[in-house]
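Here's the structure we're looking at; comments come further down.
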Amino acid sequence: MPPDLPTPTPDIRAPIKIFPTIRATAVLGLFELVESTKQLDFIFRKSGINPRQVRDRQQEIPLSNFLLLLANAAQSTNDGAFGLHLGLRSQLPDLGLLGYIMLNSPNVYEALRQMTRYYNYHQRGAEISLEPSGDTVHLVYGLSSQTEHLGRREDAEMSLASYFSFVKDLVGMPTFPAEVLFEHPEPPYSGEHIRLFRCPVRFCRPENALIYKKTSLFRPVARADHELLKVLLDYMAQLVSERPRDEDMVGHVQYHVARMLRNGNLDFDRLTTVLGVSSRTLRRRLALEGTSFRELVTRTRLELARDYLTHPSMTVTEVAYLLGYASSSAFSRALRKLTGMTPREFRQKFDH
């Protein structure tokens, strides 16, 4: 049996940029998936991205444009599983310095810990965590902003498929998870998920996550160089210290509030524990940003309501449950009080 694995300590100092970005390496595989050059140019133009800009691996592009790019590519190629297929093309060297740090970590779990620690170097505007639970480990991913709707499904599927590919690179062979979770409703091409992950895949869950057995992540990384790892970590620490740090406590809080609502365990004290701050400090920092915990809960519920109600397959009762309301009538009353609209009117307004 492997020893108990340490839980990564939350670091609230790690910033989430107000204008989230992602490195251009995330879309390099798109050039191979889209066969027509004219179609490729059209997808980029429609998404507000210059293709020549993307070929610079260190270039950062706005996350909102990236999400739009994924959605437009899926539509233009008529590939419902475009996010999965793009993620499968990801390789650790695509992450640059972070990828080489992972390739030289002593074991897979330590490599994933380094990824969660420095993921902000690759993408700003996302939350990624490694959470041991019993004999399993949850690798959880989600966008910090709950307002970005278009492209969220493709982004979640691309991200989990990428992490699956990274684990394969670290071990040297496919290592299948015990279970896979997605926030979005089940798409018509869900058979592709089963073909890829070869395990139960569940939709409409509180989080996007790959769930691995601890034993499968305790394998050593092939050809890891521990001396090189020290050099790479020192260099990463230097780069991180020189990078602007635009802290956004509101983004952190909204992300965790959304998770707690979906899990049915919204609690202020629990939130302070997750963020690693005292209740007094959290209240003060939110006040400095002109808001409060109660206001953020209300805002997050509204943004999630918009997200959920745009899915015709989700009933008002299901939405009410996911938002932490005791009944659909309680949700309807709250929504009418906040927006002046019923759930049906709200759905019609934003379903376009």
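The values are calculated or read from the model by the stated rules, or taken from the named source; none is laboratory data. Please read all numbers here as calculations on a predicted model, not as lab measurements. Cβ: placed from backbone, ideal geometry, glycine included. Neighbour counts: every protein chain shown. Accessible surface areas use protein heavy atoms only, side chains included; no ligands, DNA or RNA. Shrake-Rupley method; radii C 1.70, N 1.55, O 1.52, S 1.80 Å.
Ranked from highest to lowest mean number of other Cβ atoms within 10 Å per residue, what is the order of the peptides 202-214, 108-120, 288-300? Walk me through the numbers on the way to the answer.
Numbers: 202-214: 19.3, 108-120: 21.3, 288-300: 14.9.
So the order, starting with the most tightly packed, is 108-120, 202-214, 288-300.
Using a 1.4 Å probe over the heavy atoms of the protein chains, calculate the carbon and sulfur portion of the accessible area of the chain as a whole percent.
In the chain, the share of accessible area belonging to carbon and sulfur is 50 percent.
Heavy atoms only, probe 1.4 angstrom, no DNA, RNA or ligands counted: give me Asp307, Asp225, Asp234 ranked by accessible area, highest first.
I get Asp234, Asp225, Asp307, largest accessible area first.
Each Lys or Arg adds one and each Asp or Glu takes one away; over the other residues whose Cβ falls under 12 Å from the Cβ of Phe268, this sums to +2.
Note on Asn265 and Ala178: their simple-model spin labels are 1.7 nm apart, each label 7 Å out from Cα toward Cβ. Summary of the geometry: segment 177-220 and segment 310-352, compared by the centres of their Cα atoms, lie 28 Å apart.
For Lys214, a cut-off of 20 angstrom between C-alpha atoms picks up these lysines, skipping any fewer than 8 places away in its own chain: Lys168. Across segment 101-229, the mean sequence separation of Cα contacts (distance under 8 Å, 6 or more residues apart), normalised by length, yields a relative contact order of 34 percent. Of the residues Gly142, Gly83, Gly172, the one that moves most in a GNM of the chain with alpha-carbon contacts below 10 Å is Gly172. In the distance distribution for the chain, Cα-Cα pairs more than 30 Å apart total 38 percent. Full extension of the chain between Met314 and Glu289 gives 5.6 nm of extra length, using 0.36 nm per residue less the Cα-Cα distance. Once you treat every alpha carbon in segment 29-79 as an equal point and sum by Debye, what is log10 I(q)/I(0) at q = 0.24 Å⁻¹? For segment 29-79 at q = 0.24 Å⁻¹, log10 I(q)/I(0) is -0.92. Helix content alone sets the calculated 222 nm mean residue ellipticity of the chain: runs of n ≥ 4 DSSP H residues at -39500 (n - 2.57) each, divided across all residues, give -16000 deg cm²/dmol.
List the DSSP H helices in the chain whose Cα atoms stretch 18 Å or more along the helix axis and whose mean Kyte-Doolittle hydropathy is at least -1.0.
The answer, listed by residue number, is 63-77, 152-171, 226-242, 249-263, 293-309.
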